[in-house]
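Shown next, in structure tokens, is the structure this report addresses.
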Amino acid sequence: MEIGFIENIDKKSKPNQNQLGFGQHFTDYMFEMDYIDGEGWVNPTIKPYAPISLDPSAMVFHYGQSVFEGLKAYRTKDDRVLLFRPEKNIERLNKSNARMCIPEIDKELILKAISELVKVDKDWIPNQKGTSLYIRPFVFATDYYVGVRQSHNYKFLIILSPVGAYYSEGFNPVKIFIEQQYVRAVKGGVGEAKTAGNYAASIKAQSEAKEKGFSQVLWLDGAEHKYIEEVGAMNIFIMIGEEILTPELTGSILDGVTRRSTIELLRASGYQVTERKITIDEIIEAQFNGRLKEVFGTGTAAVISPVGEMWFEGQKILINGGEVGNVSQKLYDQLTGIQTGDVEDEFGWTIDISK
Ligand SMILES: *Cc1c(COP(=O)(O)O)cnc(C)c1O
């Protein structure tokens, strides 16, 4: 399918690269496509970034039938543009769509839309260390109807945002709160879909933790509050002795692209990585026995986020003296190196869209 193009004759000035922050600036263009009942996905178009107009009865506002993705484009030193494993995000977008009863979108068309959009906004891709162009595809229900059922019409948009390093304080270990009251997801629910409601459901716990001085919450499983699941909107890894553990995908955990890449990178470097259920008790015990070496989160936004302290029932679990561990540092360097083209991509994870 051909993608239409409407030129933007009123381009914005670009933000200062040193003060990008995350998700605050948007580029000159966006991609938009409609799903029309009886016709399917039609009118894919790259057009000027602008507000969209919807009737107040649009179903997404009332019942939250909405999914999204997040990936990044990186500018290399020799001015090429790389995407990191976009096919994984595209597959996951369609898995989220399936779970939320949203019609599937052609995979090739999504990749073409992302690539062409990034190309028209190429001047917006920052080049300083730690910066990138964040890509946010999202889909939502647009029937003008109040009543619970699946929508018959949808919109698929892609917007772009130049972003700086995720943590303004730099690559420093974060302090996390182990959440025992609120839960994020349960088996049989929508935890493995990247759907808007999961984040709405997490805000209260997140804001209470922030007030107490924590940067993230560590979610425990919804049924027994015993097994660790994720940290904020990141997957989590724990190094105990020489083994690196991460929770297995049970249906309530998001299948992260950074998680998958981390497992593959660690195994290729000779580490033993195990995906299984991990109790909070065994982490406490490992720390007591001096075997808890490192804890880190993984996700597109922060890539690797080392954890320095975890608090459980008023007790501090200190990790690696609160310092960035060797494995976390190495992983961060390797992953960001591959993503930006500074480290050879032995795995064939990046695609060059500047050609
Ligand atoms: C997006 C997300 C992640 C990380 O996935 P990546 O593909 O690595 O960015 C982890 N957990 C949740 C809940 C998420 O929404």
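Taking residues in segment 158-178 that are within 21 Å of Gln206 (Cβ to Cβ) and outside any loop (DSSP other than H, G, I, E, B), and partners anywhere that are of a type in the set (D, E, K, R) and at pLDDT 75 or above, the pairs with Cβ atoms closer than 6 Å and at least 6 places apart or on different chains are Lys175/Glu309.
Take segment 284-305 and flag every residue that is small (Gly, Ala, Ser) and under 24 Å from Thr258 (Cβ atoms).
The initial filter retains those residues of segment 284-305 that are small (Gly, Ala, Ser), namely 286, 290, 297, 299, 301-302, 305.
Scanning segment 284-305 gives Ala286, Gly297, Gly299, Ala301, Ala302, Ser305.
Here is a check on your reading of the model: is Ala233 farther than 22 Å from Asn326 by Cβ and either at pLDDT below 95 or over 19 Å from the mean Cα position of the chain (by Cα) (or both)? It is true that Ala233 is farther than 22 Å from Asn326 by Cβ and either at pLDDT below 95 or over 19 Å from the mean Cα position of the chain (by Cα) (or both). Here the strands (runs of 3 or more DSSP E) wholly within segment 281-329 that include at least 2 residues being under 18 Å from Val217 (Cα atoms) and within 16 Å of the ligand (Cβ to nearest atom) are 292-299, 303-312.
With Gln339, Gln315, Gln287, Gln334 as the choices, which residue is out of contact with any Pro (no Cβ under 7 Å at 6 or more places or on another chain) and loosely packed, with under 13 Cβ neighbours inside 10 Å? Let's see the steps before the verdict.
Numbers: Gln339 fails: loosely packed, with under 13 Cβ neighbours inside 10 Å; Gln287 fails: loosely packed, with under 13 Cβ neighbours inside 10 Å; Gln334 fails: loosely packed, with under 13 Cβ neighbours inside 10 Å.
None of the others qualify; the one that does is Gln315.
Listed by first and then second residue, the pairs linking a residue in segment 271-294 that is at pLDDT 95 or above to a residue that is surrounded by 15 or more Cβ atoms within 10 Å (Cβ to Cβ) and aromatic (Phe, Trp, Tyr), with Cβ atoms under 7 Å apart and 6 or more places separating them unless they lie on different chains, are Lys277/Tyr227; Ile278/Tyr227; Thr279/Tyr227; Ile280/Phe312; Ile284/Phe312. Scanning segment 266-278 for residues that are in contact with a Lys or Arg (Cβ under 9 Å, 6 or more places away or on another chain) and either outside any strand (DSSP E or B) or closer than 21 Å to Val190 by Cβ (or both) turns up Ser269, Lys277.
When you go through Leu245, Leu218 one by one, which is the residue that is more than 8 Å from the ligand (Cβ to nearest atom), out of contact with any helix residue (DSSP H, G or I) (no Cβ under 6 Å at 6 or more places or on another chain) and in contact (Cβ under 8 Å) with a residue 60 or more places away in the chain?
On the way: Leu245 fails: in contact (Cβ under 8 Å) with a residue 60 or more places away in the chain.
On inspection, the qualifying residue turns out to be Leu218.
Mind checking which residues of segment 153-183 are modelled with pLDDT under 95, of a type outside the set (Gly, Ala, Ser) and buried (at least 21 other Cβ atoms within 10 Å of the Cβ)? Listed by number, the residues that qualify are Pro173, Val174.
Out of all the residues in segment 98-111, which are over 17 Å from Pro44 (Cα atoms), surrounded by fewer than 20 Cβ atoms within 10 Å (Cβ to Cβ) and in contact with a strand residue (DSSP E or B) (Cβ under 8 Å, 6 or more places away or on another chain)? Matches in segment 98-111: Arg99 only.
All conditions but one from (1) without any contact (Cβ under 8 Å) to a residue 12 or more places away in the chain; (2) closer than 19 Å to Val120 by Cβ apply to Ile52; the one that does not is (1). When we screen Met30, Met100 for residues that are within 16 Å of the ligand (Cβ to nearest atom), hydrophobic (A, V, I, L, M, F, W, C) and within 28 Å of Val303 (Cα to Cα), the only hit is Met100. Is there a residue being within 13 Å of the ligand (Cβ to nearest atom), surrounded by fewer than 17 Cβ atoms within 10 Å (Cβ to Cβ) and within 23 Å of the chain's Cα centre (by Cα) anywhere in segment 261-273? Checked against the condition, which is being within 13 Å of the ligand (Cβ to nearest atom), surrounded by fewer than 17 Cβ atoms within 10 Å (Cβ to Cβ) and within 23 Å of the chain's Cα centre (by Cα), segment 261-273 yields at least one hit.
The values are calculated or read from the model by the stated rules, or taken from the named source; none is laboratory data. Here the structure is a predicted model, which is why all the values come from computation and not from measurement. Cβ coordinates were reconstructed from backbone atoms using ideal geometry, including for glycine residues, and neighbour counts include every protein chain displayed.
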